[in-house]
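Reading through the structure tokens given below for one structure.
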Amino acid sequence: MIKLELTSPTARQKLLDTKKLTVNYISYDITEFLAPVNVLVCSKCSGIGHFRKQCTEQLETCKTCSQAFPDIKSHRCTAEPKCKHCNGDHPSNSIKCPVIKSYRAELTKKLLNTNNRTTLSSTTTNDVNNYVYDPSNFPPLPAPHVSLNGPVLSKLDDLIGKIAQVSQQLSNVAAKQEKFEHFMVESANHNVRIIQQIDVLNKREQELNADLLQHNLFIERHENLFKKLLIPMFEDLFGLIAAQNQDKKGNALDADLKCKLERYLVQLKKTREGKHCLN
């Protein structure tokens, strides 16, 4: 859409009547542009649709807090915006007030309807009563020898080619982005699997530590059994057998048995001391 500003009212009205503009044998449609309507807000009472001189209110309204006072100069504003129309957190004359927006929209709609009815009536009257043939409404066809590959078409072709290149580059970037996202998802899944394996290994380590503690208790229990019960019992037994192996003079009856008993006692003594050497 292109905006045209004309200094000649006659030329403007002619374009609005024809609703067509021909440039380089190409006809373009024309529509009237109506700028947004400025809404009148009273500087005394903050009312909509009239000036201060036309205001009939006796009290003057603060534009910020919307409170009315006989003398606004003696008013100390709280500086907290409150709209008089919608109680919103903005001044009463703010253009973002929904009430002012609605009022301006209705006013613009009325002006558009008025202009459309005036234009339609004028166009119908001119078409029926004052029709004048205008050759510009029927532009001649271009000459057959005119080349279609002019500078404008060349620039358009270059632009289309560049757009295609940009589109291809965007497609490549999108493909790389998709691959990267897939890689990140796979990496996240792999990390989850590794964490699960680490949890399993930690659980097995705890189980092995518990089993090792049980085995240590079992070994310690049996070691206490050997040192405190069986070894003293064997020492007493070997001592008794050694005493039975002597005659009245204290000589050994069986020298080989005596040697074996002495060796057994030495080994029991080393076992109690923690050397654990048995031959």
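The values are calculated or read from the model by the stated rules, or taken from the named source; none is laboratory data. None of the values given here were measured: they were computed from a predicted structure. Note that we place each Cβ from the backbone using ideal geometry, even for glycine, and neighbour counts take in every protein chain shown.
Of note:
- Test: residue in region 243-258 that is assigned to a helix (DSSP H, G or I) and surrounded by 11 or more Cβ atoms within 10 Å (Cβ to Cβ): yes
- Thr108 satisfies every condition listed in (1) surrounded by 12 or more Cβ atoms within 10 Å (Cβ to Cβ); (2) part of a loop (DSSP other than H, G, I, E, B); (3) at pLDDT below 80 except (2).
- Single unsatisfied condition, Ile26 versus (1) of a type in the set (A, V, I, L, M, F, W, C); (2) over 29 Å from Asn113 (Cα atoms); (3) in contact (Cβ under 8 Å) with a residue 12 or more places away in the chain: (3)
- Test result for Leu253, at pLDDT below 80 and of a type in the set (A, V, I, L, M): yes
- Flag for Gln54 being in a loop (DSSP other than H, G, I, E, B), surrounded by fewer than 11 Cβ atoms within 10 Å (Cβ to Cβ) and either in contact (Cβ under 8 Å) with a residue 40 or more places away in the chain or not β-branched (Val, Ile, Thr) (or both): no
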